[in-house]
1. Would you mind telling me the share, in percent, of accessible area of the chain contributed by carbon and sulfur at probe 1.4 angstrom?
2. Quick check on the range 363-476: of the DSSP beta bridges with both residues there, what percent are antiparallel, nearest 5%?
3. So how much slack lies between ASN197 and ALA295, counting 0.36 nm per residue of separation and subtracting their Cα-Cα distance, in nm?
4. From the P(r) of the chain, could you give the percentage of C-alpha pairs in the tail past 42 Å?
5. Suppose every K and R has +1 on its Cβ and every D and E has -1 on its Cβ; what is the size of the dipole of the chain about the Cα centre, in Debye to the nearest 20?
6. What is the distance in Å between the Cα centroid of the range 85-125 and that of the range 408-467?
7. Taking the solvent-accessible surface of protein heavy atoms with a 1.4 Å probe, what is the per residue accessible area of the range 363-476 in Å²?
8. Can you list the aspartates and glutamates whose alpha carbon is less than 16 Å from that of LYS366, not counting same-chain residues fewer than 8 positions off?
Amino acid sequence: MTWPLGLVLTLGLVIRGLHLGQPIVENYVGRQIPTAMVARNLDRGSGFLRPQLDTAPFPNFFVVEPPIYQGLVVGLRSLSGWPLEVCGRLISDLATTLGAWGVFILVDRRAGRTSAVAAAAAFSMLPITIRYGRAFQPDALMLGACTAGLACWDRATSGNRRWLALGWLLLATGLAAKVIAAFLLPVALLAVFRNRNWRVVALVLSMLVPALLWYLWADHLVGGSTGSKASADNRAIWMRLVGLSALANGETWSHIVRFLAIRAFTPAGLVVAVWGLWPRSDCGRTGLIWWSWAAFALATMAMVAQKLHHEYYWLCLAPVVAAGLGCAWSRIATRGDRLAWGSALVFGVLCVGFSASTWRTPEEWKSLDRAGEAAAASTPPGDWIVAPEPLLYQANRRGCRLEFTPRAAERAAAEWGTGAKVGDPLDLIEFYRTQGARWVADVGAVAGDARRMALHEGIRRRYKIWMDRPDFLLAELISPEPRGHAD
């Protein structure tokens with residue numbers, strides 16, 4: 001490792017590691033909070049083969065992927081004693097650093113050391129790798145492990161079997177963390193291995209075995225469960241989503257433009273990356289790995305286009321964009337050092353601007369810490385609370401997931417398998433009461449949040465209020481007479 005690479009990797013690690021104690025509610029909480037719930041239950045002894053959420057009905061298994069990421073988080077917590085949320089961010093941060101190293105190796109062997117260091121730097125500062133390279137979710141592990149695994153295999157083509165074994169372990173781990181990275185298998189066959197025979201094909205396909213074994217187990221686990229139907233519902237929804245039909249939807253294209261051309265890589269970053277990998281350039285002529293990577297990634301994303309409103313799917317293209325930027329920087333450097341460093345500075349400023357929001361807790365969750373403490377202090381530990389998932393997690397309580405739209409409320413009730421019909425969130429709370437929930441809690445409604453305000457008014461009319469503050473609402477699910485305490 002050269003000292004410039006060490007500096008780049010260290011700076012990236014430090015930047016993503018800022019504000020590690022921030023609540024895990026930035027960007028998309030619907031992925032971070034369930035992941036953290038599984039990790040906390042794993043830490044308490046739930047078992048690797050039975051990853052569970054804290055939302056009823058129980059048991060509520062979360063089998064979207066094997067809890068490899070959560071296991072690493074729990075391992076770091078056991079070694080360090082740090083809070084679980086800090087350990088989760090650090091595991092993602094370290095995995096992203098591993099990915100930057102992988103980008104360096106892959107570019108270095110094709111375009112030279114200067115382009116490789118620049119590519120690693122670009123990967124470390126892309127808004128999307130900053131945003132999700134510190135999030136409590138397995139996407140950074142998937143990307144970092146797979147990119148580094150391909151780099152190890154790239155080195156193994158010179159005959160070193162240890163690199164081959166390490167590459168298999170990393171790629172199998174990345175694919176198990178999120179199997180959507182399977183698009184990299186044909187990339188490995190086309191652009192990494194020079195001699196493609198049945199042994200190589202078998203080696204590449206064997207990396208899917210751990211993931212396939214998990215999903216066979218998950219099917220058995222969910223099929224035999226008498227608890228939540230959420231996993232079975234999610235599986236059915238996923239199967240319906242696969243296909244190209246969403247590409248005919250204008251909303252899908254608005255997500256594509258917003259994330260691909262703006263938020264993920266900055267508008268300038270995407271354009272310059274394409275220029276850097278243009279086939280007529282020196283990098284472009286040796287860029288089969290990057291063009292095949294982009295082609296298979298985009299084809300995969302087209303097949304799951306209905307999920308592209310989740311920004312983290314665009315992480316799959318981060319190594320390609322980083323490689324293009326590294327090659328572009330080298331091309332610019334041939335025209336003058338000042339021009340090269342000036343362009344790098346401009347791009348760095350753009351990246352900081354586009355990623356700045358990741359260190360800010362969203363307005364609706366700014367009172368989460370206080371609300372969690374209040375909920376924990378005001379309710380018996382064994383009672384079920386109806387609350388948003390982040391508040392349940394923060395209060396360290398089990399309970400029922402509070403929803404704020406009729407469609408989401410209907411889906412939440414369906415997970416119980418009772419056939420109950422709910423028309424709105426208030427009906428959902430009443431349904432939860434009949435299933436054993438005793439309390440309903442929520443953070444304060446921010447200005448303009450009409451849905452939350454209306455739901456809070458309904459709760460005040462129907463149930464016994466115990467705490468009603470601007471930052472927290474707590475009610476017991478019984479008649480409001482006699483009136484409880486209001487602070």
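1. 62
2. Of the beta bridges lying entirely in the range 363-476, close to 65 percent run antiparallel.
3. Using 0.36 nm per residue and subtracting the Cα-Cα distance, I get 33.0 nm.
4. Looking at the chain, the distances longer than 42 Å represent 21 percent of pairs.
5. Here the chain has a charge dipole of around 1460 debye.
6. When both Cα centres are located, 45 Å separates them.
7. The answer is 44 Å² per residue.
8. The reachable aspartates and glutamates, counting only those whose Cα sits under 16 Å from LYS366, are GLU26, GLU389, ASP442, ASP449, ASP471.
The values are calculated or read from the model by the stated rules, or taken from the named source; none is laboratory data. Here the structure is a predicted model, which is why all the values come from computation and not from measurement. Every residue, glycine among them, receives a Cβ derived from its backbone with ideal geometry; neighbour counts consider all protein chains shown. All accessible areas refer to the heavy atoms of the entire protein, side chains included, with ligands and DNA or RNA removed. Shrake-Rupley method; radii C 1.70, N 1.55, O 1.52, S 1.80 Å.
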